[in-house]
Amino acid sequence: QVQVVESGGGLVQAGGSLRLSCAASGRIVSNDDIAWYRQAPGKQRELVARLTSRGSTNYLDSVKGRFTLSRDNAKNTVYLYMNNLKPEDTAVYYCDVEVWIRGTNYNYWGQGTQVTVSS
C-alpha cells in the first residue's frame, strides 16, 4: 500500500524558513508527480508547487523565488523548502503523490502539516 507521511510544519515568525518533507512508501517517488497543496481557513485549496517525474517544476506565483522543491531519490523523499515566510503562507500543507495507472489518476495524500507564520 502507498503511504505518504509529511513532517516539518510549525510556527515561525515572518521571514523565517521551514522545510517540509514528504516521504512515500510503496512507490518510487521519482516515477510519479509530487504536488504540494495548501488550504487556509476560509480559502480555496490551491496548488503550491509540483515536481514531475521528468524533473519539471511549477510554482504558485506568490511563492516563486521563496519556495523550492527538491527530490532525494536515495531517501525516496520530496522536500519543500520555504524561505522568507509570510503570514499569508499560513495554511495546512498537503503532499499529494499523483499516480497514473491505465488512464486513471490515483492521489495519495499525506495527513497534512500545519504551517503558521506570525507577523
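The values are calculated or read from the model by the stated rules, or taken from the named source; none is laboratory data. The structure presented is a predicted model; accordingly, all values stated were derived computationally and were not measured. We place every Cβ from the backbone using ideal geometry, glycine too, and count neighbours over all the protein chains shown. Surface areas here come from the heavy atoms of the whole protein model, side chains and all, with no ligands, DNA or RNA. Shrake-Rupley method; radii C 1.70, N 1.55, O 1.52, S 1.80 Å.
Could you state the principal axis extents of the C-alpha atoms in the chain, from the largest down, to the nearest angstrom?
So the three principal-axis extents are 46, 30, 24 Å.
Which one of S21, Q1, Q44 has its Cα pushed farthest toward the positive end of the charge dipole of segment 1-45, where Lys and Arg give +1 and Asp and Glu give -1 at the Cβ?
Q44
Per the 1.4 Å probe, what fraction of the accessible area of segment 74-119, in percent, lies on carbon and sulfur atoms?
Of all accessible area on segment 74-119, carbon and sulfur atoms account for 50 percent.
Hey, what's the chain come to in accessible area per residue, 1.4 Å probe, Å²?
I get 55 Å² per residue for the chain.
Just to check I understand the Karplus step: with θ = phi - 60° and J = 6.51 cos²θ - 1.76 cosθ + 1.60, what whole-Hz values come out for segment 85-93, glycine and proline as x?
With the stated coefficients, segment 85-93 comes to 5, 10, x, 5, 7, 4, 4, 8, 9 Hz.
For segment 16-119, run through the trypsin sites (Lys or Arg not before Pro) and keep only the ones in DSSP coil with at most 11 other Cβ atoms within 10 Å of their Cβ.
Loop-located and lightly packed - K43, R54, K64, K75, R102.
What is the Cα coordinate range of segment 52-92 on the first, second and third principal axes, sorted by size from largest, in whole angstrom?
Answer, in whole Å and largest first: 33, 18, 17 Å.
Would you grab the residues whose amide H sits under 5 Å from the one on F67? Only those 5+ places off in sequence or on another chain, please, with H modelled 1.01 Å from N.
It is N83, by chain and number.
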